[in-house]
Amino acid sequence: MACKKVPIVVNIQQRRGLIYDAEDYFTLRGVYRIVGNLIGIPVSHPRNVNQQGLPAVLSCYELKLLLEKNLVRLVDKNAAFMTAPNDSQTERYLNMTQQQKEELRKPVIEKRLESFRKHLPRIIEGKRQKLIKSGHDLKAGIYITPERVLQDERDRLAKEPFDILLQLPTKHPLEVDSSFLPLHLSAEETLKFRVFKALWNEGGYITVGDAFGCDFLLYPDDPLYFHASHMVHVLKDKARRLDVKYLIRICRLAIVVNKLCVIAYLDDRCDGVVFETVEWEGNANKSDSI
(Lines give C-alpha, C1' and ligand atoms only; values in the text may rest on other atoms or scores of the structure.)
Protein backbone atom coordinates (compact mmCIF):
# COMPACT_ATOMS: atom_id res chain seq x y z
CA MET A 1 0.00 0.00 0.00
CA ALA A 2 1.37 3.39 -0.98
CA CYS A 3 1.82 5.59 2.09
CA LYS A 4 0.52 9.11 1.69
CA LYS A 5 2.67 11.97 2.91
CA VAL A 6 2.09 13.07 6.49
CA PRO A 7 0.93 15.02 8.41
CA ILE A 8 -2.63 14.19 7.43
CA VAL A 9 -5.29 16.86 7.81
CA VAL A 10 -8.07 16.02 10.29
CA ASN A 11 -11.12 18.27 10.22
CA ILE A 12 -12.55 19.20 13.61
CA GLN A 13 -16.33 19.57 13.43
CA GLN A 14 -18.60 19.59 16.48
CA ARG A 15 -15.62 18.56 18.63
CA ARG A 16 -15.01 15.45 16.51
CA GLY A 17 -12.04 14.65 14.29
CA LEU A 18 -13.22 13.65 10.81
CA ILE A 19 -11.31 12.11 7.89
CA TYR A 20 -12.89 12.79 4.49
CA ASP A 21 -10.07 11.77 2.16
CA ALA A 22 -10.04 8.06 1.20
CA GLU A 23 -6.25 7.90 0.75
CA ASP A 24 -5.72 9.46 4.18
CA TYR A 25 -8.05 6.93 5.79
CA PHE A 26 -6.41 3.94 4.09
CA THR A 27 -3.00 5.22 5.20
CA LEU A 28 -4.10 5.53 8.82
CA ARG A 29 -5.80 2.14 8.79
CA GLY A 30 -3.30 0.10 6.79
CA VAL A 31 -0.02 1.63 7.95
CA TYR A 32 -0.67 2.98 11.46
CA ARG A 33 -3.49 0.62 12.58
CA ILE A 34 -5.89 3.47 13.33
CA VAL A 35 -9.44 2.34 12.56
CA GLY A 36 -11.75 5.14 13.68
CA ASN A 37 -15.46 4.79 13.04
CA LEU A 38 -17.02 5.10 9.58
CA ILE A 39 -20.26 7.10 9.79
CA GLY A 40 -21.03 7.95 6.15
CA ILE A 41 -23.02 6.18 3.44
CA PRO A 42 -21.10 4.25 0.76
CA VAL A 43 -21.51 5.80 -2.68
CA SER A 44 -21.84 2.38 -4.31
CA HIS A 45 -24.45 1.14 -1.80
CA PRO A 46 -26.44 4.22 -0.70
CA ARG A 47 -29.27 2.13 0.78
CA ASN A 48 -27.08 -0.38 2.61
CA VAL A 49 -27.59 0.22 6.33
CA ASN A 50 -25.06 -2.48 7.34
CA GLN A 51 -22.06 -0.92 5.63
CA GLN A 52 -20.70 2.55 6.33
CA GLY A 53 -18.48 4.87 4.32
CA LEU A 54 -16.56 8.11 4.73
CA PRO A 55 -16.20 10.29 6.67
CA ALA A 56 -14.50 8.45 9.52
CA VAL A 57 -14.57 9.74 13.09
CA LEU A 58 -11.38 9.36 15.12
CA SER A 59 -11.57 8.99 18.88
CA CYS A 60 -9.71 11.44 21.11
CA TYR A 61 -7.24 8.63 21.98
CA GLU A 62 -6.47 7.99 18.32
CA LEU A 63 -6.06 11.72 17.69
CA LYS A 64 -3.74 12.13 20.69
CA LEU A 65 -1.54 9.23 19.56
CA LEU A 66 -1.33 10.54 16.00
CA LEU A 67 -0.51 14.04 17.23
CA GLU A 68 2.31 12.74 19.43
CA LYS A 69 3.79 10.98 16.41
CA ASN A 70 3.30 14.09 14.24
CA LEU A 71 1.15 12.15 11.78
CA VAL A 72 -1.86 14.49 11.71
CA ARG A 73 -2.78 18.15 12.04
CA LEU A 74 -6.10 19.27 13.45
CA VAL A 75 -7.74 22.03 11.42
CA ASP A 76 -10.92 24.04 11.87
CA LYS A 77 -12.71 24.95 8.63
CA ASN A 78 -16.13 25.62 10.14
CA ALA A 79 -15.96 29.39 9.60
CA ALA A 80 -15.21 28.90 5.89
CA PHE A 81 -17.96 26.28 5.54
CA MET A 82 -20.53 28.67 7.04
CA THR A 83 -19.58 31.45 4.63
CA ALA A 84 -21.14 31.73 1.18
CA PRO A 85 -18.61 30.98 -1.60
CA ASN A 86 -17.23 33.95 -3.52
CA ASP A 87 -17.44 34.34 -7.30
CA SER A 88 -14.03 32.76 -7.87
CA GLN A 89 -14.88 29.65 -5.81
CA THR A 90 -18.26 29.33 -7.50
CA GLU A 91 -16.68 29.51 -10.95
CA ARG A 92 -14.03 26.91 -10.03
CA TYR A 93 -16.66 24.53 -8.70
CA LEU A 94 -18.87 24.92 -11.80
CA ASN A 95 -15.86 24.31 -14.06
CA MET A 96 -14.98 21.22 -12.05
CA THR A 97 -18.50 19.77 -12.31
CA GLN A 98 -18.67 20.60 -16.03
CA GLN A 99 -15.37 18.78 -16.58
CA GLN A 100 -16.77 15.76 -14.72
CA LYS A 101 -19.82 15.78 -16.96
CA GLU A 102 -17.69 15.88 -20.10
CA GLU A 103 -15.51 13.04 -18.84
CA LEU A 104 -18.63 10.96 -18.17
CA ARG A 105 -20.13 11.74 -21.60
CA LYS A 106 -17.11 10.56 -23.57
CA PRO A 107 -17.31 6.84 -22.72
CA VAL A 108 -21.10 6.88 -23.27
CA ILE A 109 -20.66 8.39 -26.73
CA GLU A 110 -17.87 5.97 -27.64
CA LYS A 111 -19.97 3.01 -26.54
CA ARG A 112 -22.89 4.11 -28.71
CA LEU A 113 -20.57 4.72 -31.66
CA GLU A 114 -19.12 1.24 -31.24
CA SER A 115 -22.61 -0.21 -31.54
CA PHE A 116 -23.28 2.14 -34.47
CA ARG A 117 -20.20 0.88 -36.35
CA LYS A 118 -21.43 -2.71 -36.19
CA HIS A 119 -24.51 -1.78 -38.21
CA LEU A 120 -22.81 0.83 -40.41
CA PRO A 121 -23.12 -1.08 -43.74
CA ARG A 122 -26.87 -1.57 -43.23
CA ILE A 123 -27.28 2.05 -42.18
CA ILE A 124 -25.48 3.32 -45.29
CA GLU A 125 -27.56 1.08 -47.53
CA GLY A 126 -30.72 2.29 -45.85
CA LYS A 127 -29.76 5.91 -46.47
CA ARG A 128 -29.03 5.14 -50.12
CA GLN A 129 -32.42 3.51 -50.61
CA LYS A 130 -34.12 6.43 -48.90
CA LEU A 131 -32.43 8.91 -51.24
CA ILE A 132 -33.40 6.86 -54.28
CA LYS A 133 -37.04 6.72 -53.19
CA SER A 134 -37.08 10.46 -52.70
CA GLY A 135 -35.94 10.97 -56.31
CA HIS A 136 -32.29 11.84 -55.82
CA ASP A 137 -29.78 10.77 -58.43
CA LEU A 138 -26.82 9.24 -56.63
CA LYS A 139 -24.71 9.67 -59.75
CA ALA A 140 -25.12 13.43 -59.52
CA GLY A 141 -22.45 13.83 -56.87
CA ILE A 142 -24.24 12.75 -53.70
CA TYR A 143 -21.84 10.58 -51.80
CA ILE A 144 -22.62 8.58 -48.67
CA THR A 145 -19.33 7.52 -47.08
CA PRO A 146 -18.84 5.63 -43.81
CA GLU A 147 -16.68 8.47 -42.45
CA ARG A 148 -19.37 11.06 -43.12
CA VAL A 149 -22.15 8.95 -41.61
CA LEU A 150 -20.04 8.24 -38.54
CA GLN A 151 -19.19 11.91 -38.08
CA ASP A 152 -22.86 12.90 -38.39
CA GLU A 153 -23.74 10.39 -35.69
CA ARG A 154 -20.94 11.69 -33.47
CA ASP A 155 -22.19 15.28 -33.87
CA ARG A 156 -25.73 14.19 -33.06
CA LEU A 157 -24.67 12.35 -29.91
CA ALA A 158 -22.61 15.35 -28.76
CA LYS A 159 -25.82 17.42 -28.61
CA GLU A 160 -28.01 14.70 -27.10
CA PRO A 161 -28.66 14.93 -23.33
CA PHE A 162 -27.69 11.95 -21.17
CA ASP A 163 -28.54 10.91 -17.64
CA ILE A 164 -25.29 11.42 -15.73
CA LEU A 165 -24.34 10.34 -12.22
CA LEU A 166 -22.48 13.34 -10.84
CA GLN A 167 -20.00 12.58 -8.07
CA LEU A 168 -20.59 14.29 -4.74
CA PRO A 169 -17.16 14.44 -3.10
CA THR A 170 -16.91 13.72 0.63
CA LYS A 171 -13.77 15.82 0.81
CA HIS A 172 -14.28 19.55 0.22
CA PRO A 173 -13.25 20.06 -3.42
CA LEU A 174 -11.83 23.59 -2.94
CA GLU A 175 -9.12 25.01 -0.74
CA VAL A 176 -10.64 27.13 2.05
CA ASP A 177 -9.25 29.08 4.99
CA SER A 178 -8.54 27.05 8.12
CA SER A 179 -6.91 27.34 11.52
CA PHE A 180 -4.92 24.76 13.48
CA LEU A 181 -6.23 23.48 16.79
CA PRO A 182 -4.69 21.79 19.85
CA LEU A 183 -6.20 18.75 21.57
CA HIS A 184 -7.11 18.82 25.25
CA LEU A 185 -8.05 15.69 27.24
CA SER A 186 -9.71 15.42 30.61
CA ALA A 187 -8.05 13.53 33.48
CA GLU A 188 -10.12 10.41 32.75
CA GLU A 189 -9.41 10.63 29.00
CA THR A 190 -5.69 11.04 29.74
CA LEU A 191 -5.76 7.87 31.82
CA LYS A 192 -7.52 5.93 29.08
CA PHE A 193 -5.11 7.33 26.51
CA ARG A 194 -2.14 5.89 28.41
CA VAL A 195 -3.84 2.51 28.29
CA PHE A 196 -4.66 2.93 24.60
CA LYS A 197 -1.06 3.89 23.80
CA ALA A 198 0.34 0.91 25.72
CA LEU A 199 -1.98 -1.43 23.83
CA TRP A 200 -1.14 0.15 20.48
CA ASN A 201 2.59 -0.25 21.12
CA GLU A 202 2.05 -3.99 21.54
CA GLY A 203 0.66 -4.28 18.00
CA GLY A 204 -2.78 -5.23 16.74
CA TYR A 205 -5.79 -3.00 16.33
CA ILE A 206 -7.71 -1.14 19.03
CA THR A 207 -11.18 0.39 18.90
CA VAL A 208 -13.42 1.94 21.53
CA GLY A 209 -15.64 -0.66 23.17
CA ASP A 210 -18.84 1.27 23.87
CA ALA A 211 -20.95 -1.26 21.97
CA PHE A 212 -19.67 -4.07 24.23
CA GLY A 213 -19.79 -2.25 27.55
CA CYS A 214 -16.01 -1.84 27.90
CA ASP A 215 -13.42 0.85 27.24
CA PHE A 216 -11.46 -0.79 24.41
CA LEU A 217 -11.62 -3.81 22.11
CA LEU A 218 -8.47 -5.58 20.91
CA TYR A 219 -8.21 -7.22 17.49
CA PRO A 220 -5.43 -9.51 16.22
CA ASP A 221 -5.62 -7.74 12.85
CA ASP A 222 -7.91 -5.44 10.86
CA PRO A 223 -11.45 -5.52 12.34
CA LEU A 224 -12.77 -5.79 8.81
CA TYR A 225 -11.55 -9.40 8.76
CA PHE A 226 -11.27 -10.42 12.43
CA HIS A 227 -13.45 -10.41 15.53
CA ALA A 228 -12.18 -8.79 18.70
CA SER A 229 -10.28 -11.13 21.04
CA HIS A 230 -10.15 -9.04 24.25
CA MET A 231 -12.35 -6.59 26.13
CA VAL A 232 -10.38 -4.01 28.14
CA HIS A 233 -11.79 -2.25 31.21
CA VAL A 234 -9.80 0.70 32.59
CA LEU A 235 -9.84 1.20 36.36
CA LYS A 236 -10.22 4.89 37.10
CA ASP A 237 -9.23 4.49 40.75
CA LYS A 238 -6.92 1.56 41.37
CA ALA A 239 -6.92 2.21 45.12
CA ARG A 240 -10.63 1.48 45.31
CA ARG A 241 -11.49 -2.10 46.19
CA LEU A 242 -13.02 -4.01 43.30
CA ASP A 243 -16.64 -4.97 43.74
CA VAL A 244 -17.25 -8.72 43.38
CA LYS A 245 -20.46 -8.10 41.46
CA TYR A 246 -18.56 -5.85 39.06
CA LEU A 247 -15.98 -8.60 38.42
CA ILE A 248 -18.70 -11.18 37.86
CA ARG A 249 -20.55 -8.85 35.51
CA ILE A 250 -17.59 -8.06 33.24
CA CYS A 251 -16.42 -11.70 33.20
CA ARG A 252 -19.85 -13.05 32.31
CA LEU A 253 -20.21 -10.39 29.64
CA ALA A 254 -16.89 -11.44 28.09
CA ILE A 255 -18.03 -15.07 28.05
CA VAL A 256 -21.29 -14.22 26.31
CA VAL A 257 -19.47 -12.42 23.47
CA ASN A 258 -16.62 -15.02 23.39
CA LYS A 259 -13.77 -12.71 24.40
CA LEU A 260 -11.16 -12.44 27.14
CA CYS A 261 -11.69 -9.91 29.91
CA VAL A 262 -8.76 -7.59 30.66
CA ILE A 263 -8.48 -5.06 33.51
CA ALA A 264 -6.00 -2.21 32.98
CA TYR A 265 -4.68 0.23 35.60
CA LEU A 266 -1.69 2.45 36.28
CA ASP A 267 1.08 1.24 38.57
CA ASP A 268 2.82 4.11 40.37
CA ARG A 269 5.80 1.93 41.23
CA CYS A 270 6.82 1.55 37.59
CA ASP A 271 4.83 4.48 36.23
CA GLY A 272 3.37 2.18 33.61
CA VAL A 273 0.20 0.36 32.66
CA VAL A 274 -0.55 -3.05 34.12
CA PHE A 275 -2.90 -5.53 32.46
CA GLU A 276 -4.66 -8.34 34.32
CA THR A 277 -6.62 -11.02 32.46
CA VAL A 278 -9.66 -12.35 34.30
CA GLU A 279 -11.26 -15.63 33.23
CA TRP A 280 -14.38 -17.41 34.44
CA GLU A 281 -13.53 -20.91 35.60
CA GLY A 282 -17.04 -22.08 36.55
CA ASN A 283 -17.65 -24.43 39.49
CA ALA A 284 -14.65 -25.19 41.68
CA ASN A 285 -15.32 -28.96 41.73
CA LYS A 286 -17.74 -30.24 39.15
CA SER A 287 -17.48 -33.82 40.54
CA ASP A 288 -19.40 -32.72 43.65
CA SER A 289 -22.50 -31.87 41.63
CA ILE A 290 -25.47 -34.18 41.99
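The values are calculated or read from the model by the stated rules, or taken from the named source; none is laboratory data. Since the structure is predicted, the reported quantities are computational estimates derived from the model, not experimental observations. When we count neighbours, we look across all protein chains shown, and the Cβ atoms used for this are built from the backbone with ideal geometry, even at glycine. All accessible areas refer to the heavy atoms of the entire protein, side chains included, with ligands and DNA or RNA removed. Shrake-Rupley method; radii C 1.70, N 1.55, O 1.52, S 1.80 Å.
Summary table below
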quantity	calculated
Globularity ratio of the chain, using Cα Rg and 2.2 N^0.38 Å	1.65
Over the stretch 53-134: Kirkwood hydrodynamic radius from C-alpha pairwise inverse distances, Å	19.2
Net charge of Cβ neighbours under 12 Å - reference Asp163; Lys, Arg +1; Asp, Glu -1	+1
Beta bridges per DSSP with both ends in the chain, % antiparallel, nearest 5	70
Long-range HN-HN contacts of Val234 with modeled amide H, under 5 Å	Asp215, Ala264
Structure-based [θ]222 nm, the chain - -39500 (n - 2.57) summed over DSSP H runs of at least 4, per residue, nearest 500	-12000 deg cm²/dmol
Among Leu18, Val149, Asn201 - extreme Cα towards positive end, dipole of the chain, charges at beta-carbon	Val149
For Tyr205, net neighbour charge (Lys/Arg +1, Asp/Glu -1) across residues whose Cβ lies under 12 Å away	-2
Accessible-area composition of the chain, carbon plus sulfur, in percent [1.4 Å probe]	52
Size of electric dipole in the chain: Cβ of Lys, Arg +1 and of Asp, Glu -1, about Cα centre, debye, nearest 20	1220
Positive-pole candidate from Cys214, Tyr246, Leu235, dipole of the stretch 201-258, charges at beta carbon	Tyr246
Kyte-Doolittle mean at least -0.5 and Cα axial length at least 15 Å: DSSP H helices in the chain	187-201, 244-256
Of Pro85, Leu58, Gly36, farthest towards positive along the dipole that unit charges on Lys, Arg, Asp, Glu beta carbons give the chain	Pro85
Phe226 accessible area, 1.4 Å probe, all protein chains in place, Å² to nearest 10	90
Coil-residue GluC sites (Glu not before Pro) of the stretch 56-116, DSSP, other Cβ within 10 Å capped at 12	none
